Amino acid sequence: MKYKVSLGKKVYEVEVEEGKAMLLDEYEAKAPVPPAVAAPIPAADQTPQTVHSAIPLPVTPGTQVKSPLPGTVLKVNVSVGDAVKAGDVLMIIEAMKMENEIAAPSDGTVKQIAKEKGATVVTGDVLLVI
C-alpha cells in the first residue's frame, strides 16, 4: 500500500509491503490555498443549486449530508429536486480503492448538490443538502 505522510514542511510518499517500507519520494509541502469566499445568495432566490466549479457555494438550509471520509466522488445518484427516502444511496465515494456508499439520513428532497463526480473531498465536507 502507498501512503503520503506529512511531517512538518515535508511530504513523504512511502510504500509498505509485507513488513517492509520503502521511501518513494520526498518533497516540500505546499502551503494550503485559502478558499475563495463566494458572494451570499439573496434571500429571495430560493433556486436549488449545483456546484460547477471549485469555488464553494453557500450551503442551502436543510439536512447536510457530510463526507464521513476523505476520497473522490465516484458517482452522484441523485439530482436537485429528487425525492429520497432514508437509506437511499446518494453518492459513492472512492477511498483507498474501495467504493463507499453515502446514504440519505432521512426522507426529503435534494435541495443542493455541493460536490460533483470527480471532486476530492475530506472528512466533514458537505456533499449535498436534503
Legend entry - From the options Lys115, Lys97, Lys111, residue that is of a type in the set (Lys, Arg) and surrounded by fewer than 13 Cβ atoms within 10 Å (Cβ to Cβ): Lys97
Inset, instruction - Kindly indicate the residue of region 52-72 that is among the β-branched types (Val, Ile, Thr) and over 10 Å from Leu128 (Cβ atoms) and also modelled with the highest pLDDT among those meeting that condition. - result: Thr72
Inset, instruction - For Lys111, state whether it is touching an Asp or Glu at 6+ places or on another chain (Cβ under 7 Å) and either modelled with pLDDT under 95 or among the aliphatic types (A, V, I, L, M) (or both). - result: no
Legend entry - So Gly81, is it of a type outside the set (Lys, Arg), in contact with a strand residue (DSSP E or B) (Cβ under 7 Å, 6 or more places away or on another chain), surrounded by fewer than 10 Cβ atoms within 10 Å (Cβ to Cβ) and modelled with pLDDT of 90 or more: yes
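The values are calculated or read from the model by the stated rules, or taken from the named source; none is laboratory data. Please read all numbers here as calculations on a predicted model, not as lab measurements. No Cβ is skipped: glycine too gets one built from the backbone with ideal geometry, and neighbour counts run over all protein chains shown.
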